[in-house]
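One structure is given here, and the rest of the page talks about it.
The values are calculated or read from the model by the stated rules, or taken from the named source; none is laboratory data. Here the structure is a predicted model, which is why all the values come from computation and not from measurement. Counting neighbours? That spans all protein chains shown, and the Cβs are built from the backbone with ideal geometry, glycine included.
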Amino acid sequence: MIELQGLTKRYGDKTAVDHLTFTVRPGVVTGFLGPNGAGKSTTMRMMLDLDNPTAGDVRIDGKHYRDLNEPFKYIGALLDAKAIHGGRTAYNHLLCLAQSNRIPASRVDEVLETVGLSSVAKKRSKGFSLGMGQRLGIAGALLGDPEILMFDEPVNGLDPEGIHWIRNLMKDLAAQGRTVFVSSHLMSEMALTAEHLVVIGQGRLLADTSMADFIATNSRSYVRVRTPDPERLRDALAAAQIIPVVTGDGSFEIEGGDPARIGELAAKHQLTLHELSPQRASLEEAFMQLTADSVEYHAGGHLAGDPAGAVPVTDPAAPQWGAGWSGGKDSTPSTGKES
C-alpha cells in the first residue's frame, strides 16, 4: 500500500505538487493520470525518496522508502527505462541490482525469461531498442518479487504483443493481491488496464475513484435511436414524457434514457427501429472534460517566429539519478518501436 498525506513539492515559486492525499491499495491496478506538467513524475519520485517533499508525507507499507531494508523486496519501480549503464549487459545490469538488495542471482534469469529478454541477456544495453529497454526496466522492477509495483509509461516503445503482455502482467499482479500503480498518457490502454483512477491537474487532486464512476461522473450518456418513422416515434416518446434531441442525421438522442424502456415503447406502437444503442463516453473524453481547466501547456497554430506552433512541455527540473531508475518528465509517449 502507498499512502500520501498532504504531499507538496515546490521549485522556487512553482508548485509542482499541491497537497496530494490519496491511497494506492492492493488488489487493483490504479491508474495515475494528468495532463503534461501535472506533477505525476514528481509525485512518483517523492514516493521513492528521489525528491524530498516540501511538505507532507508518503509511506510505503507504513514506512518511508529510505527506511526500508532491501527496498527492492518491498517496491519495484520503472520511472525511466533509459536509466541504465549502456556498457553493461542486460544480465549484469540486473545482477548489480540484485546484489545490492541480497536477491539471489537465480532471480535474474527468472525475470529475464518473464520479460522475454533471455536471448539478449549477454548483450550490452546500449544497443537495445526503446521497447527492449522498457522490458529490461520492467525486469528490474520485478527483480525483488515485491508486493508493490510502480510503472511510469510502461508501454512506451512496446509493439502490440508487448503492450498486450504488460497489460496482462499488471492485471495478474493485481489479482495476486499486489499493489500496482501505473502512469500513462495512453487513455485507450489505461481504460483496458486500470480499475481505479487517481487524476491530478496542476499538482492538485481532481479525482480518486473507480474507472466506471469516473466515466459516469465526467461524461454524458444517452441513447441513440433511428427509425424510418421519426414523427410517430417523437409522438410516442412525448406521450411517455420523454423528450428527445434531434441530431443532424435525423436520429434521436435521449439523455439518460433506458434502452429497454425505449425499445418496449417502440414495440408497443409497432415502430421499426434501425438503431437503439446506449452511448457512453470513453475514458479519454471523460478525462478531457475533467482536466480542461488544468491543462497548462497548449499546442497552437503556427505563429510568426514559432515554426513549431507549440509551447514546450516540461515539469520543473528535477535531478536525474537514482538506484536503478531515474525520474522523467511528464511527456507524451515516444513513437519508438520495439525490435
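Selection of region 90-119 for residues being over 18 Å from Ile166 (Cβ atoms) and touching a Gly at 6+ places or on another chain (Cβ under 9 Å) yields His93, Cys96, Leu97, Ala98, Ser100, Asn101, Ile103, Arg107.
Checked against (1) closer than 19 Å to Thr114 by Cα; (2) charged (D, E, K, R); (3) at pLDDT below 90, Arg220 meets all criteria but (1). For region 117-150, a residue qualifies if it is of a type in the set (Gly, Ala, Ser) and either without any contact (Cβ under 8 Å) to a residue 40 or more places away in the chain or not in a loop (DSSP other than H, G, I, E, B) (or both), and the qualifying residues are Ser118, Ser119, Ala121, Ser125, Gly127, Gly131, Gly133, Gly137, Ala139, Gly140, Ala141. In this structure, is Arg45 in contact with an Asp or Glu (Cβ under 8 Å, 6 or more places away or on another chain), assigned to a strand (DSSP E or B), under 19 Å from Val182 (Cα atoms) and touching a residue at least 24 places away in the same chain (Cβ under 8 Å)? Taking the combined requirement at face value, the residue does not satisfy it. In the set (1) under 25 Å from Thr8 (Cα atoms); (2) touching a strand residue (DSSP E or B) at 6+ places or on another chain (Cβ under 7 Å), Ala121 fails one condition alone, (1).
Considering region 212-260, and only residues there that are touching a residue at least 40 places away in the same chain (Cβ under 8 Å) and part of a loop (DSSP other than H, G, I, E, B), the residue that is farthest from Gln270 (Cα to Cα) turns out to be Asn218. Could you tell me whether region 55-71 includes any residue that is within 18 Å of Gly203 (Cα to Cα), assigned by TED's automatic domain parsing to the domain that holds Gly137, surrounded by 19 or more Cβ atoms within 10 Å (Cβ to Cβ) and touching a residue at least 40 places away in the same chain (Cβ under 8 Å)? Checked against the condition, which is being within 18 Å of Gly203 (Cα to Cα), assigned by TED's automatic domain parsing to the domain that holds Gly137, surrounded by 19 or more Cβ atoms within 10 Å (Cβ to Cβ) and touching a residue at least 40 places away in the same chain (Cβ under 8 Å), region 55-71 yields at least one hit. Contact map, region 151-175: first residue at positive phi and part of a loop (DSSP other than H, G, I, E, B), second residue surrounded by fewer than 19 Cβ atoms within 10 Å (Cβ to Cβ) and hydroxyl-bearing (Ser, Thr, Tyr), Cβ cut-off under 8 Å, separation 6 or more or different chains; pairs are Gly157/Ser129; Gly157/Ser334.
Report whether or not Ser100 is touching a strand residue (DSSP E or B) at 6+ places or on another chain (Cβ under 9 Å), over 27 Å from Gly39 (Cα atoms) and not charged (D, E, K, R). Taking the combined requirement at face value, the residue does not satisfy it. Taken as a whole, the condition of being at pLDDT 95 or above and hydrophobic (A, V, I, L, M, F, W, C) applies to Phe181.
Inside region 219-245, residues that are under 18 Å from Pro278 (Cβ atoms), of a type in the set (Gly, Ala, Ser) and crowded, with 16+ Cβ neighbours inside 10 Å make up a count of 1.
When Glu161 is tested against the conditions (1) closer than 23 Å to Arg25 by Cβ; (2) surrounded by fewer than 18 Cβ atoms within 10 Å (Cβ to Cβ); (3) over 17 Å from the mean Cα position of the chain (by Cα), the lone failure is (1). On the stretch given as region 61-116, residues that are in contact with an Asp or Glu (Cβ under 7 Å, 6 or more places away or on another chain) and either aromatic (Phe, Trp, Tyr) or part of a loop (DSSP other than H, G, I, E, B) (or both) total 6. Taking region 187-204 as the range and being outside any helix (DSSP H, G or I) and buried (at least 18 other Cβ atoms within 10 Å of the Cβ) as the test, the residues that pass are Ala194, His196, Leu197, Val198, Val199, Ile200, Gly201, Gln202, Gly203. For the residues Ala90, Ala38, the requirement of being crowded, with 24+ Cβ neighbours inside 10 Å and over 26 Å from Asp172 (Cβ atoms) singles out Ala38.
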